[in-house]
Amino acid sequence: MQQGFIIPVYNHGNTLQNVVAELSAYNLPILIVDDGNKEQDKTYINLVCQKFNNITLIVNRRNRGKGYSVCRAIKTAYKMGITHLFQIDADGQHDMEQVKTFLEKSKENPDSLISGCPVFDETIPENRKNGKQISNNYASFVTLTEGYIKDAMCGYRVYPVEPFFKILKFSYIDTHMGFDTEILIRLIWKNVPLIYLPVKVSYPVGGKSNFRMVRDNIRISFMFARMTIGMWIRYPMLARRRKRNKIGKEEK
């Protein structure tokens, strides 16, 4: 097993160094994606790349979105022989003390997607909290699961690279804010086990959000429309799996 980190960066170059400083202690490859940043953020990113070892910089000529950036990093990681890629946001909102626990859990369960289940403090915006619940409910619907998906949107995850890479060969994945939910759904469709671990999340005062209310809600709506079509195509298989899992739980 070869683990590594992926940090997509857009408008958060000034917080990147703190995140990388924490991760550098693990002496693992760090893939940073410059998602078409402007000059000031590019300067921050380049300084980080010069200061720390084990960094591979991937540059998008223009802003392509978080999903595009992570998918591009997965392809790069696959070529590098990285088997498990830990996605962490550059804005520093996630508790970095949990990194070791997530890496260890991934080692214990190499076939699984290890995902954060956010423990929010009082700084979370109410609209963000409501939006997460809607996404959780819809993701549960299109996967025919109930009580399995605790958070569909958390970007603090350790991905097994191979099944993710195979999905990219045949599927379009939302390139922006619908990415985290869509790839979670598609991995569940592929029967990749999902394990949640709690992670503290805070929204720093004055922090920048890349979420665009109109644009991203439209994209997320289209993503869920595609996922609904995909669910009906896979319905017989998902229904059999749900029945089998229920029987297994009853027997236990």
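FYI, it's all coordinate maths here, none of it is from the lab. Owing to the predicted nature of the structure, the values given are computational and were not obtained by experimental measurement. Cβ sites come from the backbone with ideal geometry, for glycine too, and all protein chains shown count toward neighbours.
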Quiz prompt | Rounded tilt (10° steps) of 126-143 against the dominant C-alpha axis of the chain | solution = 50 degrees
Quiz item: Over the chain, with a single point scatterer placed on each C-alpha, what log10 of the ratio I(q)/I(0) does the Debye formula yield at q = 0.09, 0.12, 0.13 1/Å?
Solution: -0.38, -0.69, -0.81
Practice problem: Divide by every residue of the chain the summed helix terms, -39500 (n - 2.57) for each DSSP H run of at least 4, and state the resulting mean residue ellipticity at 222 nm, rounded to the nearest 500 deg cm²/dmol. | Solution: -16000 deg cm²/dmol
Quiz item: By what distance, in whole Å, do the Cα atoms of the range 1-94 stretch along each of the three principal axes, largest value first?
Solution: 36, 26, 24
Quiz prompt | Dipole magnitude of the chain, debye to nearest 20 (Cβ charges: Lys/Arg +1, Asp/Glu -1, about Cα centre) | solution = 1100 debye
Quiz item: In the range 3-251, with Lys and Arg counted as +1 and Asp and Glu as -1 at Cβ, which of these residues, Y235, I218, G92, has the Cα nearest the positive end of the dipole, that is, farthest along it?
Solution: Y235
Practice problem: Give the whole-number value, in cubic angstrom per residue, of the convex hull volume spanned by the C-alpha atoms of the range 46-90. | Solution: 98 Å³
Quiz item: Too long at a 23 Å Cα-Cα cut-off: which of K79/K107; K38/K66; K51/K79; K75/K190; K79/K132?
Solution: K51/K79; K79/K132
